[in-house]
1. Please find, within the stretch 150-209, the residue that is most open to solvent (accessible area, probe 1.4 Å) out of those that are touching a Lys or Arg at 6+ places or on another chain (Cβ under 6 Å) and among the small types (G, A, S).
2. Kindly indicate whether any position in the stretch 102-114 is more than 15 Å from V256 (Cα to Cα) and open to solvent by 50 Å² or more (accessible area, probe 1.4 Å).
3. Could you check, for the stretch 59-80, whether at least one of its residues is out of contact with any Gly (no Cβ under 7 Å at 6 or more places or on another chain), within 17 Å of F261 (Cα to Cα) and either open to solvent by 60 Å² or more (accessible area, probe 1.4 Å) or not small (G, A, S) (or both)?
4. Within the stretch 23-43, track down each residue that is open to solvent by less than 80 Å² (accessible area, probe 1.4 Å) and of a type outside the set (A, V, I, L, M).
5. Kindly provide the set of residues from the stretch 245-284 that are in a helix (DSSP H, G or I), of a type outside the set (A, V, I, L, M, F, W, C) and closer than 30 Å to L185 by Cα, ordered by number.
6. Regarding the stretch 2-22, can at least one residue be identified that is among the charged types (D, E, K, R), in a loop (DSSP other than H, G, I, E, B), within 25 Å of T180 (Cβ to Cβ) and open to solvent by less than 60 Å² (accessible area, probe 1.4 Å)?
Amino acid sequence: MENCKQCPEDQWPNVEKNGCLPKVIVFLSYSDTLGVILSTVAMIFSAVTVAVLGIFLKHRDTPIVKANNRDLSYALLSTLMLAFLCSLLFIGRPAAWSCLIQQAAFGIIFTVAVSCVLAKTITVVIAFNATRPGSRFSRWMGPRMSGSTVLLCTLGELTICLTWLLTSPPHPGTDTQSETGKIILQCDQGSVTAFYCVIGYMGLLAIVSFMVAFLARNLPDRFNEAKHITFSMLVFCSVWVSFFPVYISTKGRYMVAVEIFAILASSAGMLGCLFIPKYYIILFRPDINTREHLAVRSHS
């Protein structure tokens with residue numbers, strides 16, 4: 001009692017309370033069961049995305065691939081593949097380089113993906129209105145409009161990320177309080193406000209895409225592209241709205257796991273809602289993947 005002293009932060013008292021033991025260093029690693037599961041799921045989904053992209057490239061001259069801007073479809077599939085692989089940056093021992101790029105890469109990649117969806121939505125609306133007699137919307141058709149939409153939306157997120165990295169960038173840190181006897185290695189966000197701005201901007205684009213697609217859901221689109229976009233953005237927004245309370249209430253490596261799960265779930269939702277129906281038609285229903293069928297659907 002007279003010689004009582006407190007253990008350093010990197011140590012904790014033994015059972016007899018007469019000495020200090022080094023704390024166990026923990027982080028979400030590839031050797032953990034949770035890390036193995038998340039990394040495996042990420043690799044599987046990225047492989048599925050590559051397969052879908054390959055099928056779309058092979059059948060690039062078919063009507064269903066041409067519909068609603070195939071270049072945007074290629075860009076979106078490529079971005080979703082990167083989104084799945086981006087989750088791997090969060091697994092492993094935190095380092096200066098990984099902490100610096102993981103959140104920025106995640107924000108920019110997802111912004112490009114959502115921007116492609118927004119450009120697809122705008123293309124649906126413009127394509128419908130351009131068919132009306134005397135419509136001036138036909139001048140907005142083409143890859144220039146789609147490319148400009150993706151570029152402008154991405155520049156906004158890029159500006160937020162650059163400001164974040166230049167003013168208060170993420171960096172490796174430790175948490176010695178959350179779990180007894182353990183030192184949790186993690187990436188400190190630097191500026192928490194910037195982190196939520198990155199996700200908030202991405203969410204704003206998703207909400208805009210959802211609203212435009214929802215309003216256009218009853219247009220006589222040949223493959224119900226607007227409905228598919230509506231469902232994909234509904235899944236995307238639901239995942240990230242659920243993410244915030246769970247993320248705030250967790251600590252340590254489970255906080256990282258929650259963010260990885262949100263990345264995988266939202267990416268898988270976009271892939272499934274937007275491309276699996278077309279993938280099914282290309283492989284299993286080639287009889288309706290014809291220009292004649294499109295003409296019948298559009299007139300009906």
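The values are calculated or read from the model by the stated rules, or taken from the named source; none is laboratory data. Values in this document were obtained by computation on a predicted structure and should not be read as measured data. Here the Cβ is made from the backbone with ideal geometry for all residues, glycine too, and neighbour counts use every protein chain on show. The accessibility values were calculated without ligands, DNA or RNA, using every heavy atom of the protein model including side chains. Shrake-Rupley method; radii C 1.70, N 1.55, O 1.52, S 1.80 Å.
1. S178
2. Checked the stretch 102-114: no residue is more than 15 Å from V256 (Cα to Cα) and open to solvent by 50 Å² or more (accessible area, probe 1.4 Å).
3. Taking the stretch 59-80 first, the residues out of contact with any Gly (no Cβ under 7 Å at 6 or more places or on another chain) are 59-80.
Still in the running and within 17 Å of F261 (Cα to Cα): 80.
After this cut, where a residue has to be either open to solvent by 60 Å² or more (accessible area, probe 1.4 Å) or not small (G, A, S) (or both) as well, the list is 80.
Checked the stretch 59-80: at least one residue is out of contact with any Gly (no Cβ under 7 Å at 6 or more places or on another chain), within 17 Å of F261 (Cα to Cα) and either open to solvent by 60 Å² or more (accessible area, probe 1.4 Å) or not small (G, A, S) (or both).
4. First, the residues of the stretch 23-43 that are open to solvent by less than 80 Å² (accessible area, probe 1.4 Å): 23, 26-29, 32, 34-36, 38-42.
Those that are open to solvent by less than 80 Å² (accessible area, probe 1.4 Å) and of a type outside the set (A, V, I, L, M): K23, F27, S29, D32, G35, S39, T40.
5. If the condition is that a residue be in a helix (DSSP H, G or I), of a type outside the set (A, V, I, L, M, F, W, C) and closer than 30 Å to L185 by Cα, then P245, Y247, S249, R253, Y254, E259, S266, S267 are the ones that fit.
6. Within the stretch 2-22, none of the residues are among the charged types (D, E, K, R), in a loop (DSSP other than H, G, I, E, B), within 25 Å of T180 (Cβ to Cβ) and open to solvent by less than 60 Å² (accessible area, probe 1.4 Å).
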